[in-house]
1. In region 293-307, how many residues are in a helix (DSSP H, G or I) and either polar (S, T, N, Q) or surrounded by 14 or more Cβ atoms within 10 Å (Cβ to Cβ) (or both)?
2. Just to be sure, is A124 at pLDDT 95 or above, in a helix (DSSP H, G or I) and either aliphatic (A, V, I, L, M) or not assigned by TED's automatic domain parsing to the domain that holds A144 (or both)?
3. Among all residue pairs at least 6 apart or on different chains, which show Cβ distances below 8 Å where the first residue, located in region 235-261, is closer than 16 Å to D149 by Cβ and the second is of a type in the set (S, T, N, Q)?
4. From R218, R174, which residue is farther than 18 Å from V47 by Cβ and of a type outside the set (D, E)?
5. Is region 13-29 home to any residue that is under 13 Å from A142 (Cα atoms) and at pLDDT 90 or above?
6. Answer with yes or no whether V111 is farther than 18 Å from S76 by Cβ and surrounded by 18 or more Cβ atoms within 10 Å (Cβ to Cβ).
7. Six or more apart or on different chains, Cβ under 9 Å: which pairs go from a residue in region 290-307 that's of a type in the set (S, T, Y) to one that's assigned to a loop (DSSP other than H, G, I, E, B)? Could you list them?
8. Could you check, for region 377-385, whether at least one of its residues is in contact (Cβ under 8 Å) with a residue 60 or more places away in the chain and part of a strand (DSSP E or B)?
Amino acid sequence: MAALKSKCCADRCAVGEASATDSLATILSAFIAAQLAANPGRSRLCVGLSGGRDSVVLLHALSCLRLSTGSAFTLSALHVHHGISPDADVWAGFCAEFCQCCTVPLSIVRVDVPRASGEGLESAARRLRHAVFADCAADWLALAHHRDDQAETVLLNLLRGAGMAGAAGMLAERPQGHGPILVRPLLEVPRALIEDYAVAQGLRWIDDESNDDTHFRRNFLRREVMPRLEEKFSGAQKSLARCAGHFAEGALLLDDLAAIDCAALATPAGRIGLAAFNALSPPRARNLLRFAWLAAGFRAPDTRWINEALRQLATADSFSETCVATVDGVLHVYRGELHILGHGPDAPGTARPWAGESELPWAGGRLRFVSGTGSGIRRSLFVDGEVVVRPRQGGEHLQPDARRPRRSLRKLFQEAAIPPWERTRLPFLWIGGRLAWVGGLGVEAAFACAPGEAGIVPVWEPGYPSASLC
């Protein structure tokens, strides 16, 4: 059972309690002032509240600061209910009580963590938690990670064989795309100062029983390794946290180099040219590929995948159709260019009849039917024959232009530069047992409307990700 520490939830901000309260107030006051100055009009701050001591201290200290600054910023809290621990409901209830005590509005979001995703329970929970963070209605989302957490993260990542970015540990500030900026205002604060603050303010918090389980690697480092390191290397945690800053600077320089290479190697379509990519030195090629993969919104690929991708790309040519995948996305080569895209859904395996609907779902996208005049397929043909949508079967021919002969779809796809991975998802419209239209190619000439004739225009809108640009 999770333990409730200390006396009670403080209903006021204690003053005069030596240095812990004053030190934390000074640090957070400087953080708020810097954020408000750098981001005029952005004053909504949300705290990720787990119910543990660190997040409780962060929320309490910010609540006190909000009162002392005359509400220069708005404050809220967010609790992600993972449902993993049998005490998860108790934790959510505690967070609600604490936020009510601090007069801070709280949102509780429940997530269903998959237990057999292959990524591990902890990783799956982290992924879902950060997805919730990205949807938070705030300008900044503050997490309570501190200097000791940073030292543990750096050491853990190094032991995993992480590169420069991984060795940088946690960033003090990180954009989340469409969501709030993720900030860690306590990242340079030692755990001891947070503990002193909690005692000085008489706070209570939830103690997660899993934190004592040294089966988890981070707990093992925290409880078994870090104390021994401090015995032999005084200030080890502080030094590791300082190293994170050096690694972060190095990672930024590598990103700058990758952006320069990306711009230099870009084709007119904005993608990375294969020949120019293969001319890079192996370290720069690995750096650029990792950069492009992250820019596509995917998790960093491991070294084995990058090395395999470089091996295949080195032997590819303009006619190759290389395909190297991770769980997040796929790297293709097509017509001498690198294409990076997410996994798309397969086309339905069976035909779908059309009975006059304005649209049909297809391969994660939709096929719309729009009325027109002098364009599309003659409307009268939809009445005379059965209309079905099918996936590609192979061997089909089409005559999109009456002035040219009917040709195989393979040749037409090549002329239209439709990549192979998209061809299997395209909808094929059949009327009366004859192929009348193909997504991406157009209408069979024998079915096309004459000028002024009423028609129906099929419009294919793919829902799967398109190839990202560098």
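1. 7
2. Here the answer is no, as A124 does not meet what is asked.
3. Hits for this filter: L240/Q150; A241/Q150; A244/Q150; A244/T153.
4. Within the list R218, R174, the selection yields R218.
5. yes
6. So V111 does not fit the description; no.
7. T303/G161; T303/G163
8. Yes, there is a match, as at least one residue in region 377-385 is in contact (Cβ under 8 Å) with a residue 60 or more places away in the chain and part of a strand (DSSP E or B).
The values are calculated or read from the model by the stated rules, or taken from the named source; none is laboratory data. Only a predicted model underlies this, so the values are computations on that prediction, with no experimental measurement involved. Methodologically, a virtual Cβ is constructed for each residue, glycine included, from the backbone with ideal geometry; neighbour enumeration extends over all protein chains shown.
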